[in-house]
1. Separation between the A:Phe253 and C:Thr142 pseudo-spin-labels, each 7 Å from Cα along Cα→Cβ, expressed in nm?
2. If each residue's Cβ is checked for other Cβ atoms within 10 Å, how do A:Phe155, A:Phe136 rank with the fewest at the top?
3. Compute a Gaussian network model of chain C, connecting alpha carbons closer than 10 Å, and tell me which residue from C:Thr242, C:Thr265, C:Thr58 fluctuates the most.
4. With a ≥ b ≥ c taken as the square roots of the eigenvalues of the C-alpha gyration tensor of chain B, please select rounded if a/c is under 1.5 and otherwise prolate if a/b is larger than b/c or oblate if it is not?
5. Quick one: which residues, 5 or more positions from C:Val169 or on another chain, have an amide H under 5 Å from its amide H? H modelled 1.01 Å from N in the peptide plane, none for Pro or chain starts.
6. In terms of the Cα gyration tensor, with a ≥ b ≥ c the square roots of its eigenvalues, is segment C:245-307 rounded because a/c is under 1.5, prolate because a/b exceeds b/c, or oblate?
7. What list of ³J(HN,Hα) values in whole Hz, one per residue of segment A:106-111 in order, does the Karplus curve 6.51 cos²θ - 1.76 cosθ + 1.60 (θ = phi - 60°) give from phi, with Gly and Pro shown as x?
8. When the Cα centres of segment C:120-196 and segment A:196-233 are compared, how far apart do they sit, in Å?
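Derivation of every value follows stated rules applied to the coordinates shown; laboratory data play no part. All values derive from a computational prediction rather than experimental measurement. Neighbour counts run over all protein chains shown; Cβ positions are idealised from the backbone, glycine included.
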Amino acid sequence: MSGAFQSQRAPFLTAYALLVYAFLYFPILVLVVYSFNGSGVGGFPPSTWTLDWYRQLFVDSALWDAVRNSAIVAAVAVCISLGIGLPAALALDRAEFPGKALFRRIVLLPLILPGIITGLSLLMLFAGMGRNLSLFTVIIGHGTALISVATTEIFAGLQKMDRAQEEASLDLGANHWKTFWRITFPNLRVSLIAAALLIFTLSLDEIAVTFFLIGRDNTLPLEIWSRLRRGITPEINAISTLILLFSIGTILFWYRLRTRAQATGEVQPATALLPSTLEGESS
Amino acid sequence: MYSRTYKAGVTIPPLLWVTAFLLVPYAILFCYSFWSVSSLQVVVHNWNLQNYAQLFRNPLYLTVLLRSIRIAGAVTLLALLLGYPLAYYLSFHAAKRKDLLYQLVIIPLWASYLVRGYAWKTILGSDGVLNGFLQYLHITHRPVEFFLYSPFAVILTLTHIYTPFTFLPIYASLEHVPRNLVEASHDLGASPFSTFLRVILPLSLPGILAGATFAFVLTLGDFLAPLLVGGPSGIMISNIVVSLFGAAYNWPLGAAISFFMLLLVVTLLSITERIEKRFTIS
Amino acid sequence: MNAVLSSTRVEHSTAEPLLSIQKVEKRFAKRAVLCGISLDVASGEFLTILGESGSGKTTLLRLIAGFEQLDAGEIWMGRERLDEIPAYRRQVNTVFQSYAIFPHLSVFENVAYGLKAKNAPRNEIPERVTQALAMVKMSEFTQSAPSRLSGGQQQRVALARALVNRPRVLLLDEPLSALDANLRRQMQIELKSLQREVGITFIFVTHDQEEAMALSDRIALLRSGRLEQVAEPREIYGHPRTAYVAQFIGQTNLLRAEVHDGVATAGAIAWPSAGPSGPALFSLRPEAIRLASAAPANPTGATANFHGHIRNQTFGGAMDLLEIDCGNSQAIRARVSSPGTLSGQQKFEFNAADAVRVQEGSET
């Protein structure tokens, strides 16, 4: 799409862009550097080099419980979001029904709505049902809030799919069920994996919705949060650096998948989640 | 081509889930906003508009609401000012390393929100990195207070968080600008700057709108950054809601403020959608 | 090869039609795409549905395949009502314009797909697939991945994948439009001989009238959702029913004439013509016109001649295209065997029978 546009020399723009990058990475750099700093978080320049904070981290059992909880929540949230998001995307792509426009808007709403609103509403639902808050309620919250991510990603994949392949499958005698599993599903493989990775990562970092639905067991962000309330410790720098590395790894993996799909022509160059992906409805 | 069973099969499960866990909760939120809390900390179902009235009459709430809108506006503006040139640079001037640079913008997005907010806290604090750096260079001799626990800190932190969010849709729409239009503009004698103003900028409007909406709405509803770096002077409207669901137990009032935010967001979305429709060539 | 696939000789019209399309209508939103199409397809014939884009030809094909539902009318295959059966149960297979090869399956698995879907006996599958691939000359690619195949190769695989199921009707949706001219001509010959060999009824959709004439046993010309004419290629070329048909298939001169007492007069040109008196439209093909000096000594039937000034002479290899000004408002186009460069004023001649009377528009 960007083709062979002549790159002109633009020194000011280049410098500006570099500044923006610096702004984006500066806090992250500080975080990582100071996670190795002996005298903790303050002061400049960082004085001593140490791995103490990481060592402290590894024996912190409460933290690892929280990590385990977050992993469980994220994994189940992925299942829910994909399990609901896939039929939702198919419905938006193929079915006509009264209230379809409203349905589309509601499914996409949590994407842009501040998490606090979705979290609060679900809290009131559970309170009304007399349900105690726990990891279960958190899972429902994440799963619901992240359906829009799954739907957007899968819908984009459906739009780019060669519709004729499904017709060919039907034409050759496979019914809708077989056609879905043998043809549609494999074609959506890239979208599904990308969506799963995205949802997993977002769930791990989710705070707003979780805040209102958390019970006794903490997820990782909320565990960090409660410690932050008590005071800054460099251990938090250490865990943050690890989270950063994990997220980067996941995203790079996602990126590798996407570039490989581009090479085989399955997918166009990726541009991330946008509500407007679903704006233009095909007739 | 798709049988009725197929269409029903893909429509009904999501419809049920969304109704149960989105529509119904929002409806409950709506109902709660019309109730009130008795002196015995019990929710009373006396339908009235008191909560909404309180939102606008109570000077504290009004101040915080207006401050939130100002902060959201500032963050949106700054995020656009940072995000747009970056997107423009990548799209038009970074031929070879474009993909790598794109990934570099995305990576901070995936560093946890909390992590980044916390990073700014450590940087801006009175014995934080920034103050330490300034004192090291002897630019200041005492820690500067207002860096942290102020609206300034909130704006700075949220701008940092949401710049990638404005970057992404703007980059997408810039990539969609047909290069031959730009070439045609040059061919007809327009300078690069004029081309930018009259061809590129208008065509990238959908991306700008999408990015701005994202940034504005999410900033407005944010309660974490104020808690981390805002201090008492940096409280935003969502913090009030949080306390109403916590210590200052008043669910109906909290629901009213939340629902008001919901209405604001939905209104904003329909406005931008309408603007986008008028500007988009399909 | 012939033992595996049925081989019936092409029989025309006397037998009961294999496929009967009756008064079929189809609308998209408020727009009528097919307005009452009726057409019988004989067993073993190569029928081409010809038309411009938007004429409804692909829609008609998709109705037969089962990807669209009709709004009115019926489609019968033998004694069975076809349009009431879902696509995956019809004994009809399609070769798609985009080939629609499954990229995640090998060539073998692609071809075997339909057999597996309908639970064909497992021990038969490899043999049938091998024979189908041999028939389209793709044997050496049996285990290949589709992404490695060229467009023409993918198309052969699509053909094999469809034919291996022994459908009663094979639908081809502009299968050659993506190929370059040489490959296209080659594939036309191969398709034709394949159809003869296999004996399956082919319904072929195209917008290319030359292709239609080269391949078909019959051509059905579709225009804006209605059938203009259904006939064998020679018939449709030599005796076009309407002005549209005359102009769509091949080139022609449309002469607006007055018929009076057995003579048709169109401006400066007159020729004997039987038929009712009054205004009439005639189609005269350019190649029917010859130089009077080059005329045969004993013409068959009545001839007509006219004088004209050659406005333009375009060299065309074997034949030249002449643009003749004979005093009429419209120039006459003629195709003559290379005459060398001609001087301005000439005398031209044509057989009266070659001026075919055509209807103005299509009256169904």
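1. 3.9
2. With the fewest neighbours first, A:Phe155, A:Phe136 line up as A:Phe136, A:Phe155.
3. Most flexible of the set in this elastic network: C:Thr265.
4. It comes out oblate by the Cα gyration axes.
5. C:Asn93
6. Here segment C:245-307 falls in the oblate category.
7. 5, 4, 7, 4, x, 5
8. Cα centres, segment C:120-196 to segment A:196-233: 57 Å.
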